[in-house]
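These notes are about the structure you will find just below.
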Amino acid sequence: MEAASPGGVLLLGAIALVALSGLPGLIARKGGSGGERLSALLVGAGALLGLVASARVLFLGRSFRVELPSPLPGGPLLLAADPLSALFLVPVFLVPALGAVYGLGYWPEAEHRRDARKLRFFYGLLAASMAVVLLARSGVLFLVAWEVMALAAFFAATTEDRQPEVREAGWIYLVATHAGTLGLFGMTALLARTTGGFAWEAPEGGLAVTASSSVVFLLAVVGFGGKAGLFPFHFWLPGAHGGAPSHVSAVMSGVMLKVGLYGLLRVVSLYGAPPAWWGGLLLLLGAGSALFGAALAAGQGDVKRLLAYSSVENVGIVTTGIGLALLGRSAGRPEWVALGLGGALLHVLYHSLFKPLLFLGAGAVIHGAGTREMDRLGGLLRRMPRTGAAFAAGCAAALAFPPLAGFFSELVVYLGLFRAFAGPDSSLLAAFAAPALAVAGAVALAAFTKLFGVAFLGSPRSDEASHAHEPGRAMLVPILALALLVAVAGLLSPLLAPGVDAAIRAWVAPAVPPGSVEALLHPVPPLASLVPLGTIALLGAALLGLLALFAGLLALRLRRASVARGATWDCGYARPTARMQYTGSSFGDWISGRLTPAAAAPVLEVRRPEGSFPRSAAVSAPRARDPLLRRLLEPFASRWARRFHDLHALQEGRLTIYLVYVLGTLVALLAWSALRGWVLPR
């Protein structure tokens, strides 16, 4: 056993605290608050240790490596932390800690005696297993941690398993994640055959690219892309994120999707000179995910499903940056690598702030208004001003409004794409990806305008919305903390740039070791030398200062002046009602009807009046279903389910019949062995 460094001890201790955080609740008094508070305390303590250790690795270069003896095949268990894994560890520790505090108010045990303990146990296990995935450097350990992460996410997301739609979404997720895991098993086996072992380590200069390497890459895209929610493997994501408790949705969307992107980055980093089509494929998938996710988000009437499809769009942005970085390695253009991967890694960090903020804000809306259907909301900003202000900051960051967090990362990706198609060795795929991301951003603008405008502005559309209220302190503090981070994180980009540069060097290092000829001839430039992050941050700080000054002067003037309140101009209507305002369905109808494929068009559920004296009739709000599920996967699954049902006659339930099956199989195998030499040429 190799001794761990102090940073390694901190990280392993942090993982242990988070993993064990759910155990006290299992033995504490049922219905009491002691177990849940101790659980949140353990997650917070583990997160603090993990963030300190991750910062040491990311900014001080204190990497660590430890080998543990293992009874499993494949050699010892290898764990290591470098700046790339440390960057992904930051959201793994930060978001679950805030979510654990949020859960004290959102899912208290006094109100959820049936499932609160189960939720806390699998919540901590999910966070800890994600950290182990990021540290694993042996294929066996990686697959074990990956499976624990998948199962913990399943049990946490299906906490409300009494609801049919939650069970359905959970089973879709379980099938999707295990289909992706099969691809990762094949990928790991091929890598082991190439390297001669299960350790994920490349020789100096990286692994040579062969035909099997392309199979490894494609299996990685399927396995890791499915976990990341990359189109067309995203179909599990909206249902699972929508049906999960909101702080679980925040962890799954803000953190777990990034673990899939990390796995893809880690595997492709092992190869020295990847072919150009690897980067081209990721560019196409990334741009397609951004367009598809934004378009389907605009057609949703459910707040959490809209946010889930928005995550598909943001995963597409990160994947586009990774594809550009791979193109840069193929073409020997280090500035493409720096801008593409730098923008992708910044977006990983920033998306892990604003998307959990939006999901926690959506949970506050559900908690305060009792519904997540946009067409039943409205006027929440007056009743939930602090939640509304924080939610507005999250929406603005998701739309990359300067100078909030999402602006800086998307700017770096755009600059990389512009360089890739404007200079020598230009890439036509980069020329396609840039306008595709721009269109996706425009559609996302319409989607989030619909979300905030319909939910928080206007008048209440239902009794639930008219009686909405702010959440308690346990829920509000994490929301406001994330809102503050979203506001200042972009301005801190110059300070984060050295850590991002270290992560980029760690990604390039297996293929281009320091001191090699290629490293001397084509060094990857620092991100700050390509993008004036300091100047942009100063301009952003000045802009925020001007806005704060204007808001302060306006508030001072309103306080000193007498303000008259009256009804809004009603366009000639003497008594306007809430039904006369736009609904989310009507606002997004033009997007759903024109920018999404026909298979994704919203579906109306109509209950027509029946009989001579009908009692009721109703038309439900349009619901946009995923076209991949609706037109491809569900018909495919139904068709094969009917075919397999016909084989049910073989299951007689009698032992003698099963012995006949075994005997018949043995006879067939013996006959094949005897005749194989005659049938097949030697």
- Being more than 19 Å from residue 132 (Cβ to Cβ) and buried (at least 18 other Cβ atoms within 10 Å of the Cβ) is the filter; apply it to the range 10-36 and report the residue that is nearest to the chain's Cα centre (by Cα). 36
- Task: Please indicate, with yes or no, whether at least one residue in the range 286-298 is surrounded by fewer than 24 Cβ atoms within 10 Å (Cβ to Cβ), at negative phi and touching a Gly at 6+ places or on another chain (Cβ under 8 Å).
- Result: yes
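Within the range 362-371, track down each residue that is touching a Pro at 6+ places or on another chain (Cβ under 7 Å) and crowded, with 24+ Cβ neighbours inside 10 Å. Even if it seems obvious, please write down each step before you answer.
Applying the first criterion (touching a Pro at 6+ places or on another chain (Cβ under 7 Å)) to the range 362-371 yields 364, 367-368.
Answer for the range 362-371, where residues must be touching a Pro at 6+ places or on another chain (Cβ under 7 Å) and crowded, with 24+ Cβ neighbours inside 10 Å: just 364.
Looking at the structure I just gave you, is residue 125 in contact with a helix residue (DSSP H, G or I) (Cβ under 6 Å, 6 or more places away or on another chain) and at pLDDT below 90?
No.
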- Message: Being within 16 Å of residue 503 (Cα to Cα), surrounded by fewer than 24 Cβ atoms within 10 Å (Cβ to Cβ) and assigned by TED's automatic domain parsing to the domain that holds residue 220: is that true of residue 275 here?
- Response: no
- Given (1) in contact with a Leu (Cβ under 8 Å, 6 or more places away or on another chain); (2) farther than 30 Å from residue 506 by Cβ, where does residue 34 come up short, assuming only one miss? (1)
- Message: When you scan the range 329-340, do you find a residue that is surrounded by 24 or more Cβ atoms within 10 Å (Cβ to Cβ), over 16 Å from the mean Cα position of the chain (by Cα) and polar (S, T, N, Q), even just one?
- Response: no
- Taking the range 356-382, which residues are under 23 Å from residue 101 (Cα atoms) and among the charged types (D, E, K, R)? 372
- Task: Inspect all residues belonging to the range 353-361 and state whether any of them is of a type in the set (Lys, Arg), under 15 Å from residue 406 (Cα atoms), assigned by TED's automatic domain parsing to the domain that holds residue 230 and surrounded by 24 or more Cβ atoms within 10 Å (Cβ to Cβ).
- Result: yes
- Task: Provide a single number: the residues in the range 156-171 that are of a type outside the set (Ser, Thr, Tyr) and either surrounded by 21 or more Cβ atoms within 10 Å (Cβ to Cβ) or part of a loop (DSSP other than H, G, I, E, B) (or both).
- Result: 8
- the range 88-139, residues that are over 30 Å from residue 73 (Cα atoms) and aliphatic (A, V, I, L, M): 90, 94, 95, 97, 98, 100, 101, 104, 110, 116, 119
- Among the residues of the range 112-151, count how many are surrounded by fewer than 24 Cβ atoms within 10 Å (Cβ to Cβ), of a type in the set (Lys, Arg) and in a helix (DSSP H, G or I). 2
- the range 444-496 - residue that is under 24 Å from residue 254 (Cα atoms) and in contact with a Pro (Cβ under 7 Å, 6 or more places away or on another chain) and, of those, surrounded by the fewest Cβ atoms within 10 Å (Cβ to Cβ): 491
- Message: Quick check on residue 155: is it of a type in the set (Phe, Trp, Tyr), within 21 Å of residue 507 (Cα to Cα) and within 23 Å of the chain's Cα centre (by Cα)?
- Response: no
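The values are calculated or read from the model by the stated rules, or taken from the named source; none is laboratory data. As the structure is a prediction and not an experimental result, all values here were calculated from the model. Quick reminder, even Gly has a Cβ in these numbers, built from the backbone with ideal geometry, and neighbours come from all protein chains shown.
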